[in-house]
Amino acid sequence: MQLGRDAYTGKPINIDEVSQYYDIDHILPQSFIKDDSLNNRVLVAKPINNGKSDGVPLKLFGDNLATGLGITVKQMWNNWADKGLINKAKQNNLFLDPENINKHQASGFIRKQLKLSNLLCK
């Protein structure tokens with residue numbers, strides 16, 4: 001789904017080192033939304049994941065150049081979507097900036113969180 005590349009840097013991933021040097025990151029932090037689906041997960045180097053904390057990828061990495069590709073990380077994500085490697089939901093998560101969501105989007109997040117909370121409490 002990532003064409004063998006780190007989702008936040010574009011660096012090639014060495015498949016022999018995946019378990020040792022890479023983490024599965026929640027695109028949107030768990031403090032923001034409780035979503036464990038594949039639409040909210042990407043493979044990234046452990047140091048990058050540790051440094052991300054509660055930040056969102058768009059703000060932290062989106063404008064950086066993707067290593068060895070000659071395009072930005074945002075353009076790399078769009079390429080993945082154009083090739084059908086990621087769906088619209090995952091693309092939207094990668095491009096979400098919590099500071100720029102409208103009232104409709106914010107209320108949707110709140111409704112989703114309440115629904116998940118209710119399911120977990122049952």
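The values are calculated or read from the model by the stated rules, or taken from the named source; none is laboratory data. Computed from a predicted model, the values in this text were never measured in an experiment. So basically every Cβ, Gly included, is an ideal-geometry build from the backbone, and we count neighbours across all protein chains shown.
One table, with the values for the structure above:
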item	result
Selection count where residues are within 12 Å of the chain's Cα centre (by Cα) and among the β-branched types (Val, Ile, Thr), scope the range 64-98	2
Among (1) at pLDDT below 95; (2) more than 17 Å from Val73 (Cα to Cα) - the single one Leu38 does not satisfy	(1)
Any pair with Cβ under 8 angstrom, 6 or more apart, that starts in the range 67-84 at a residue that is more than 18 Å from Ile27 (Cβ to Cβ) and touching a residue at least 40 places away in the same chain (Cβ under 8 Å) and ends at one that is in a helix (DSSP H, G or I) and of a type in the set (A, V, I, L, M, F, W, C)	Leu69/Met76
Residues of the range 1-60 satisfying the condition of being of a type in the set (S, T, N, Q) and crowded, with 17+ Cβ neighbours inside 10 Å	Thr9, Asn39, Asn40, Asn49
Pairs, first free of Cβ contacts under 8 Å to residues at least 40 places away in the same chain and of a type in the set (A, V, I, L, M) in the range 10-24, second surrounded by fewer than 16 Cβ atoms within 10 Å (Cβ to Cβ) and not in a strand (DSSP E or B), C-beta under 8 Å, six or more apart	Ile13/Gly4; Ile15/Gly4
